[in-house]
Structures are given as structure tokens and as C-alpha cells.
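Everything below concerns the one structure shown next.
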Amino acid sequence: MTRWTWVDEEQLLEQLDLVRLSLPEAFHEADAIARQKDELFLQAEQYAQEVVENAERRAAQILNEMGILRQAEIEAQQMRQQVQQECEAAEAQTIAEIERMRRQAQQDLEEMQRLAIAECEEIQAGADEYADRVLQEMERQLSEMMRVVRNGRQQLQPEAPPRVREANTSSTQTRSPGAKGDRAKT
């Protein structure tokens, strides 16, 4: 006997569609975060550029007004360092958030796979149970038909000599214990 499993194809396809539709959303979220990170970097660069330009203007102004070039360079360097630290902190925070979302998406995917497999196994078990009930009913009906056929054949057999009839009766009774009583009913 081969092992065939009947699975409700429509229900399985619906479950697979759910998995397929859930994955792009997580990837879109990760992509949005990556774009947000790029925007933050761009803003930080623009901010740094503005700070540098402001610092350079201020330094030039101080140099022109007071002649303190060194003070301007120190302030510009401090501003650069501060901006660099802010950019690095923003980058680290963005990378950590992306990694957290990636792990969450992976966990969600694994959970959906587990649920889909469990549902498939449940469907398969239900299909096996249904097939067993159908086969059991067919077996019962076939047994009933065999009993009727044996009884019919017994009634159609011509009267045999007692020895042959005894052999037929005992073999018939061995095959169908209720055959004699059924003959009497018909």
C-alpha cells in the first residue's frame, strides 16, 4: 500500500500566501530603517558641514576682528569632534535598531513556519482519519456483500450427496459463520 496524503490544496495555498505576504512587510520595515539611517547620515553630514562652515566663518571673523586664529581652530576642532561623536552615536543606534528588527523578523518567520507546518500536519491527520473511516465503511459494506454472495451461492448449489454437502457446509461455515442462519432467513 502506498502512502498518499490528501491535503486541502486551497487551505495550504492560503497559508503559504499568508507567509509570503508577511515576509515583505518585515523586509520593507528593515529597508525603511536603512533609508532612515541614510537620511540621518546625510542630515548629520549637512549639520557637520554647516557647523564647519559656521566655525570657519567665525574663525575668519575672529581673525579679522581680534587676530585670534588659534582660538578659532580649537573651536572648529571641538565642533568637528562633537559632530563626529553625535554621528557615530546615531550610526550605532541605527545599526542596533536594524539588527533588532532583523532578529524579530526572523523570529516571526520561524513562528509562521512552525504554525504552517503544524496546520499541515493537522490537516494531514484529519485526512488520514477521514480516509480510514471511508475504508472501514467500504470494508464493512464489502463484508456484507460477501456474506450475501455466499448465501446466494449456497442457495443456488444443487443438492449434493451428504458427504459433499457436509464438506461444503463446513467450509462455508468456516468462511462465514452466519451463513446458515442467513440462508434460513432468505
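Here are a few things to note about the model shown:
- Conditions (1) assigned to a helix (DSSP H, G or I); (2) more than 23 Å from the chain's Cα centre (by Cα); number of the one not met by Arg3: (1)
- Of the listed requirements (1) modelled with pLDDT of 85 or more; (2) touching a helix residue (DSSP H, G or I) at 6+ places or on another chain (Cβ under 7 Å), Gln93 misses just one: (2).
- Meets criteria (within 30 Å of Ala125 (Cβ to Cβ) and either under 38 Å from the mean Cα position of the chain (by Cα) or not aromatic (Phe, Trp, Tyr) (or both)) for Leu109: yes
- Restricting the stretch 124-134 to residues that are aliphatic (A, V, I, L, M) and surrounded by 11 or more Cβ atoms within 10 Å (Cβ to Cβ), the residue that is farthest from Leu16 (Cα to Cα): Ala131
- One residue alone among Glu65, Glu75 is modelled with pLDDT of 85 or more and out of contact with any Gly (no Cβ under 9 Å at 6 or more places or on another chain), and that residue is Glu75.
- The set of residues from the stretch 82-123 being surrounded by fewer than 12 Cβ atoms within 10 Å (Cβ to Cβ), polar (S, T, N, Q) and under 30 Å from Ala55 (Cβ atoms) comprises just one member, Gln85.
- Single residue of the stretch 134-160 satisfying the filter (charged (D, E, K, R) and under 28 Å from Trp6 (Cβ atoms)) that is farthest from the chain's Cα centre (by Cα): Glu144
- Scanning the stretch 1-50 for residues that are in contact (Cβ under 8 Å) with a residue 24 or more places away in the chain and within 21 Å of Glu121 (Cβ to Cβ) gives Thr5, Trp6, Val7, Asp8, Gln11, Leu12, Gln15, Leu16, Leu18, Val19, Ser22.
- Only one entry of Glu53, Glu97 meets the criterion of being over 30 Å from Leu12 (Cβ atoms), touching a residue at least 12 places away in the same chain (Cβ under 8 Å) and not hydroxyl-bearing (Ser, Thr, Tyr), and that entry is Glu97.
The values are calculated or read from the model by the stated rules, or taken from the named source; none is laboratory data. Given the structure is predicted, the values throughout are model-derived calculations rather than measurements. When we count neighbours, we look across all protein chains shown, and the Cβ atoms used for this are built from the backbone with ideal geometry, even at glycine.
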